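Presented below is the structure to which this report refers.
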Amino acid sequence: MNHINLNERKQQFEESIKEYKVRIIICAGTGCVANGSLLIYQKFLEVVKEKGYPITVSLKKEKADYIMSQSGCQGFCQMGPLVTLYPQGILYTKVKVTDVEEIVEETILKGNPIDRLLYRSPSGTPVIKKNKIPFYEKQQRIMLKLCGNIDVGDLDEYIANDGYFMAQKAVYELTDVEICKEISDSGLRGRGGGGFPTGRKWDITRQNVSDIKYVICNGDEGDPGAFMDRCVMEGNPHSVIEGMIIAAKAIGASVGYIYVRTEYPLAVDRLKQAVSAAEAVGILGDNIFGSKMKFVINIMEGAGAFVCGEETALMSSIEGKRGMPSPKPPFPAEKGLFGKPTLINNVETLSTIPLIMRIGAENYAKFGTKTAKGTKTFALTGHVANTGLIEVPFGTTLREIIYEIGGGVIDDAGNLTGADFKAVQIGGPSGGCLTKAHLDLPLDYESLQSVGAMVGSGGLVVMNEQTCMIKIARFFMQFTQNESCGKCVVCREGTRQMLALLDDIIEKKATGDTLELLEELANTVKIGSLCALGKTAPNPVLSTLRYFRNEYNAHVFDGYCPANSCDAFKKYIIIKEKCKSCSLCSRKCPVDAIKGERGVPYVIDSKKCIKCGACIASCKFGAIVEG
């Protein structure tokens with residue numbers, strides 16, 4: 001097979017794209033697909049066919065004035081489905097199938113923006129240009145630059161954006177030592193949570209001699225509320241492949257695996273398409289780019305076990321065994337997959353490699369802080385106006401993320417007014433909760449560790465004052481308890497007991513001894529567990545005990561839930577002046593806790609009441625309230 005000519009492919013694509021007056025990009029990331037973006041895409045096809053408009057969906061293959069394509073996640077998930085128009089840079093939000101014909105006739109053919117589909121600032125002002133929307137304007141989208149902007153299924157468009165040039169350069173022009181040095185000089189640290197220096201990990205693996213070595217991309221993203229890696233795999237899979245090729249040259253590997261959870265069907269499908277496209281032109285295979293180097297990539301679907309995000313459990317799963325962690329050392333760099341030296345990086349880390357090689361280590365290191373170089377993607381979710389996928393330099397504060405990019409804190413009904421920030425859970429089940437006191441803390445590995453949290457994979461769950469922090473700690477504890485592989489007793493039994501203690505607090509059964517035992521047990525699990533799942537499982541408990549001790553005390557000693565969220569602490573009261581003695585509430589009560597007689601206001605027996613809410617729902621006079 002003749003090796004691919006990247007310059008020729010790039011030039012051909014650039015020439016063909018010049019022919020189109022407008023490009024229509026429909027977001028086909030998981031979030032927008034779930035909200036109907038593929039139906040919108042299909043409607044565009046129907047309108048084009050019915051009206052005979054000069055619009056094509058196939059780059060370079062058909063003569064037309066306008067081109068339409070699907071992209072990966074554009075990041076602004078809160079406002080999906082999204083439709084972006086270039087070169088105008090117009091972003092339409094919350095697009096419906098019924099809007100398609102108007103978009104074609106008014107904007108694409110006539111150039112007129114449709115006001116109701118534009119994003120509106122909190123003041124109500126419409127924003128036409130996508131790059132002027134604060135959600136995008138306040139970010140530094142360098143690694144995510146192509147996500148949401150290119151046709152995810154078009155290899156040539158990736159090449160036209162300088163894709164695979166750095167992989168080819170690595171294969172032909174750079175030594176393994178030079179590549180490792182470049183990555184080390186960039187200051188890149190693992191984006192999967194551990195933050196280990198990437199270049200050093202590569203160099204250690206490089207120095208171990210073996211007849212075969214492996215590169216593994218860890219795409220087993222399992223944190224609740226996290227979707228960073230999924231979006232990269234869906235929106236720019238070729239960047240992951242290119243990063244793996246460069247890594248393979250650096251360590252001397254010939255085989256790669258992308259381990260991705262089967263709950264990500266769209267990511268799996270697009271990765272497979274990307275690998276097939278790369279194989280077809282000789283970018284992957286026996287003689288990549290026409291060289292003597294062999295590198296093949298296999299897609300491995302995991303069954304969804306959170307513990308398989310831990311590298312030794314992941315390798316065990318690839319080998320066909322039960323996904324359970326193993327003691328270290330030996331580390332994977334020495335004895336990994338099938339007993340051979342293995343390099344494991346997560347999706348974001350590998351996708352960043354081509355960028356570093358392209359702009360240079362020195363330029364990349366200009367982003368971020370002294371100890372944390374570059375940018376980091378975060379999945380911004382929870383009680384925040386603008387949820388979605390974001391990318392910011394290390395050193396950005398929570399205040400900037402929540403109030404400038406996220407648009408502010410909202411209440412449970414979705415309103416900006418009257419809502420106040422309470423906490424943010426960062427780092428998923430392995431992370432911790434931060435408070436108002438940490439809003440101006442520059443985010444990096446060391447600063448977060450100093451306050452009992454961690455960067456983790458990049459989940460950011462914002463919570464307002466209506467949130468009960470004990471219930472949040474319980475949510476993450478239940479998750480880690482369910483996901484514990486059960487190999488070590490400390491984690492298996494310790495997480496179960498911590499969950500039971502949290503249940504006692506929430507159910508009004510706790511005493512002062514409960515809090516002491518909970519804290520002691522959390523520290524024991526943290527120290528004694530075998531792998532990172534167990535060692536970090538207590539973090540949400542320990543951080544909430546540290547920063548929200550008053551809330552624990554209120555539940556245990558004062559008999560109330562400050563957020564009025566825990567059912568066991570709720571009291572239902574009948575307002576005498578409003579009660580009409582109609583007996584409807586009494587008849588609806590499933591435990592016979594409401595008594596009364598005609599002409600006399602009814603009363604609720606709080607000892608019998610199970611707080612089901614049936615009485616409140618049945619009262620036509622608003623006489624029953626939570627007290």
Exercise. Quick one: would you say residue 313 is surrounded by 23 or more Cβ atoms within 10 Å (Cβ to Cβ), within 30 Å of residue 466 (Cβ to Cβ) and at pLDDT below 95?
Worked result: no
Exercise. So, in segment 94-134, of the ones that are touching a Pro at 6+ places or on another chain (Cβ under 8 Å) and of a type in the set (S, T, N, Q), which residue ends up surrounded by the fewest Cβ atoms within 10 Å (Cβ to Cβ)?
Worked result: 121
Problem set entry | Enumeration of residues in segment 335-376 that are of a type in the set (A, V, I, L, M, F, W, C) and assigned to a helix (DSSP H, G or I) | 337, 338, 347, 350, 353, 355, 356, 357, 359, 361
Seminar exercise, completed: Per the filter on segment 172-227, residues surrounded by 18 or more Cβ atoms within 10 Å (Cβ to Cβ) and basic (Lys, Arg) are 189, 191, 201, 206, 213
Problem set entry | Lone unmet requirement of (1) at pLDDT 90 or above; (2) surrounded by fewer than 17 Cβ atoms within 10 Å (Cβ to Cβ) for residue 25 | (2)
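Please indicate, with yes or no, whether at least one residue in segment 265-281 is closer than 22 Å to residue 340 by Cβ, in a strand (DSSP E or B) and of a type outside the set (S, T, N, Q). Give the steps one after another, and end with the answer.
At the first step, the residues of segment 265-281 found to be closer than 22 Å to residue 340 by Cβ are 275.
With the extra rule that they be in a strand (DSSP E or B), the set shrinks to none.
No, that holds for no residue.
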Exercise. Assigned to a loop (DSSP other than H, G, I, E, B), of a type in the set (Phe, Trp, Tyr) and surrounded by 15 or more Cβ atoms within 10 Å (Cβ to Cβ): does that describe residue 289?
Worked result: no
Problem set entry | Members of segment 573-627 that are among the small types (Gly, Ala, Ser) and part of a strand (DSSP E or B) | 596
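Can we say residue 537 is buried (at least 23 other Cβ atoms within 10 Å of the Cβ) and in contact with a Pro (Cβ under 6 Å, 6 or more places away or on another chain)?
no
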For this session: Give the residue, chosen from 296, 275, that is surrounded by fewer than 17 Cβ atoms within 10 Å (Cβ to Cβ) and either under 28 Å from residue 171 (Cα atoms) or charged (D, E, K, R) (or both).
Result: 296
For this session: Report, by residue number, each residue of segment 161-171 that is in contact with an Asp or Glu (Cβ under 6 Å, 6 or more places away or on another chain) and either surrounded by fewer than 22 Cβ atoms within 10 Å (Cβ to Cβ) or not in a loop (DSSP other than H, G, I, E, B) (or both).
Result: 167
Exercise. Does segment 571-587 contain at least one residue that is polar (S, T, N, Q), more than 16 Å from residue 473 (Cα to Cα) and in contact with a helix residue (DSSP H, G or I) (Cβ under 7 Å, 6 or more places away or on another chain)?
Worked result: no
Problem set entry | Top-ranked residue of segment 502-534 - restricted to ones that are surrounded by fewer than 15 Cβ atoms within 10 Å (Cβ to Cβ) and closer than 20 Å to residue 475 by Cβ, ranked as farthest from the chain's Cα centre (by Cα) | 509
Problem set entry | Count of segment 568-623 residues which are of a type in the set (A, V, I, L, M), over 29 Å from residue 558 (Cβ atoms) and surrounded by 12 or more Cβ atoms within 10 Å (Cβ to Cβ) | 1
Seminar exercise, completed: By residue number, the members of segment 434-466 that are at pLDDT below 90, part of a strand (DSSP E or B) and more than 26 Å from residue 350 (Cβ to Cβ) are none
Exercise. Based on what the data block shows, is residue 137 out of contact with any helix residue (DSSP H, G or I) (no Cβ under 8 Å at 6 or more places or on another chain), surrounded by fewer than 17 Cβ atoms within 10 Å (Cβ to Cβ) and charged (D, E, K, R)?
Worked result: no
For this session: May I ask you to verify whether residue 73 is under 23 Å from residue 30 (Cβ atoms) and touching an Asp or Glu at 6+ places or on another chain (Cβ under 7 Å)?
Result: yes
For this session: Please note which helices (runs of 4 or more DSSP H) are completely contained in segment 1-94 and include at least 1 residues that are in contact with a helix residue (DSSP H, G or I) (Cβ under 6 Å, 6 or more places away or on another chain) and of a type in the set (Val, Ile, Thr).
Result: 30-34, 37-51
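Each row is one residue, and each column tells you yes or no for (1) farther than 20 Å from residue 542 by Cβ; (2) without any contact (Cβ under 8 Å) to a residue 60 or more places away in the chain; (3) surrounded by 19 or more Cβ atoms within 10 Å (Cβ to Cβ).
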{"site": "420", "(1), (2), (3)": "yes, yes, no"}
{"site": "428", "(1), (2), (3)": "no, no, yes"}
{"site": "434", "(1), (2), (3)": "no, no, yes"}
{"site": "446", "(1), (2), (3)": "no, no, no"}
{"site": "464", "(1), (2), (3)": "yes, no, yes"}
{"site": "469", "(1), (2), (3)": "no, no, yes"}
{"site": "476", "(1), (2), (3)": "no, no, yes"}
{"site": "493", "(1), (2), (3)": "no, yes, no"}
For this session: Filter segment 203-241 for residues that are under 18 Å from residue 149 (Cα atoms) and not in a loop (DSSP other than H, G, I, E, B) and give the result.
Result: 228, 229, 230, 231, 232, 233, 234, 235, 237, 238, 239, 240
For this session: Specify which of the listed residues (415, 386) is free of Cβ contacts under 8 Å to residues at least 40 places away in the same chain, farther than 24 Å from residue 192 by Cβ, in a loop (DSSP other than H, G, I, E, B) and polar (S, T, N, Q).
Result: 415
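The values are calculated or read from the model by the stated rules, or taken from the named source; none is laboratory data. Remember, it's a predicted structure, so these values are computed and weren't measured experimentally. All Cβ positions, glycine included, derive from the backbone under ideal geometry; neighbour counts span all protein chains shown.
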